[in-house]
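Undergrad: Dumping the structure here so I can ask a few things about it.
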Amino acid sequence: MKRAFINPVMVSETGEEWGFEEGCLSIPGVREMVYRPANIVLRYEDENRVVREEAFSGMTARVIQHEYDHLEGILFTDHLSGFKKQLLKGKLTRISKGDVKADYRLRFAGQGRR
């Protein structure tokens, strides 16, 4: 699905929460079970700046919720329990210091463009 969502607003998140092992390019090598509602309604402007409101469900809703979280400054790890975050603390600290291997180029906070 290729779609542009300009100035999105999450109108609603409903339905039974279901778990899926999520990961993120921002946190290489970390994947954890995240529970999210099955259905969403999103208001946004399309690529022609036409305001739309649309319902999404299943995996499409999950992907949109994950990306919407980024706009709100939230990572998938923020949805984890305190205990799970504590278990990941060492790994996340190493990643934040640049001690990580990924199959793609990474840029860390405080680094300029390469």
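The values are calculated or read from the model by the stated rules, or taken from the named source; none is laboratory data. For clarity, every value in this text was computed on a predicted model and none was experimentally measured. Counting neighbours? That spans all protein chains shown, and the Cβs are built from the backbone with ideal geometry, glycine included.
Undergrad: Check whether at least one residue in segment 31-41 is more than 28 Å from Lys85 (Cα to Cα) and surrounded by 15 or more Cβ atoms within 10 Å (Cβ to Cβ), and report yes or no.
TA: We begin by selecting, within segment 31-41, every residue more than 28 Å from Lys85 (Cα to Cα); these are 41.
If we keep only those that are surrounded by 15 or more Cβ atoms within 10 Å (Cβ to Cβ) too, we end up with 41.
Yes, some residue in segment 31-41 is more than 28 Å from Lys85 (Cα to Cα) and surrounded by 15 or more Cβ atoms within 10 Å (Cβ to Cβ).
Yes/no matrix, rows are residues, columns are (1) among the hydrophobic types (A, V, I, L, M, F, W, C); (2) at pLDDT 95 or above:
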site	(1), (2)
Gly15	no, yes
Gly29	no, no
Arg62	no, yes
Thr93	no, no
Val100	yes, no
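Undergrad: Right, another one. Inspect segment 68-90 for any residue being of a type outside the set (S, T, N, Q) and part of a strand (DSSP E or B) and give the result as yes or no.
TA: Within segment 68-90, the first condition is being of a type outside the set (S, T, N, Q), and the residues that meet it are 68-76, 78-80, 82-85, 87-90.
Going one step further and asking which of them are part of a strand (DSSP E or B), we end up with none.
Looking for residues that are of a type outside the set (S, T, N, Q) and part of a strand (DSSP E or B), one finds none in segment 68-90, hence no.
Undergrad: Could you list all residues from segment 5-34 that are of a type in the set (Ser, Thr, Tyr) and within 12 Å of the chain's Cα centre (by Cα)? I'd like the intermediate steps shown before the answer.
TA: Residues of segment 5-34 that are of a type in the set (Ser, Thr, Tyr), as a first pass: 12, 14, 26.
Hit for segment 5-34 is Ser26, nothing else.
Undergrad: Has segment 58-70 got any residue that is surrounded by 14 or more Cβ atoms within 10 Å (Cβ to Cβ) and on the phi > 0 side of the Ramachandran plot?
TA: No, that holds for no residue.
Undergrad: Would you point out which residue out of Glu16, Glu22 is free of Cβ contacts under 8 Å to residues at least 24 places away in the same chain, among the acidic types (Asp, Glu) and part of a strand (DSSP E or B)? Spell out how you get there, then give the answer.
TA: On the way: Glu22 fails: free of Cβ contacts under 8 Å to residues at least 24 places away in the same chain.
Selected residue: Glu16, the only one of Glu16, Glu22 that is free of Cβ contacts under 8 Å to residues at least 24 places away in the same chain, among the acidic types (Asp, Glu) and part of a strand (DSSP E or B).
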